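Please read the structure below before turning to the comments.
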Amino acid sequence: MSGKPITKQQVNLYMSYRKDHKQVAAAAKSGMSERTARRIESDQHSTTHLPRVYRTRKDPFNGAFEEHLVPLLKADPELQPITLLDQLDTLMPGKFGHNHLRTLQRRVKKWLATEGPEQEVIFRQKYMPGFMGISDYTWMNKLEISIAGQVFSH
């Protein structure tokens, strides 16, 4: 199809058809144009897609997050997004509804990760038996390992 990027599956399908058919037939069977098939065979095709760097929708908070919610989060970072959404609704009645909750949750999560309080890092020092136990039941006596000339029995 014109304008649509090809996938790796289409390339693999084309190559499997190409073993038994001509280029035109293999391209038609795999759902691509002859031009794309020529690109595949000359190794000038690409199946990777760059991530989108633009917004698909207008920002629903449009500065309200930074102006009203960031000071609240700085004062108490444990506030839940539903509480913050209710706070926004009292400040700007009717502008925000529960359909904006997921967007606010993502925004709060990102803010906490980048600008929120320092997270405590814990390295556990207590060994818990059986937690990381790995054993393959290898009998090492057959190897006849020696230490300082003495056979070491396991």
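Some notes on this structure:
- Flag if V121 is under 30 Å from K4 (Cα atoms) and open to solvent by 100 Å² or more (accessible area, probe 1.4 Å): no
- Test: L79 is on the phi < 0 side of the Ramachandran plot, assigned to a helix (DSSP H, G or I) and of a type in the set (A, V, I, L, M, F, W, C): no
For every residue, the table says whether it meets (1) at pLDDT 90 or above; (2) β-branched (V, I, T); (3) closer than 27 Å to T56 by Cα.
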| residue | (1), (2), (3) |
| --- | --- |
| P77 | yes, no, no |
| K109 | yes, no, yes |
| A113 | yes, no, yes |
| Q119 | no, no, no |
| R124 | no, no, no |
| M132 | no, no, no |
| N141 | no, no, no |
| I145 | no, yes, no |
| F152 | no, no, no |
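- Filtered residues of the range 82-107 (kept if in contact with a Pro (Cβ under 7 Å, 6 or more places away or on another chain) and more than 15 Å from E67 (Cβ to Cβ)): H100, L101, T103, Q105
- Selection within the range 6-21 - within 17 Å of S42 (Cα to Cα) and not in a helix (DSSP H, G or I): I6, T7, K19
The values are calculated or read from the model by the stated rules, or taken from the named source; none is laboratory data. Note that the structure is a prediction, hence the values are computed from the model and not measured. Because the Cβ atoms are built from the backbone with ideal geometry, glycine has one as well, and the counts that use them run over all protein chains shown. Remember, those area values only see protein heavy atoms, side chains included, never the ligands or the DNA or RNA. Shrake-Rupley method; radii C 1.70, N 1.55, O 1.52, S 1.80 Å.
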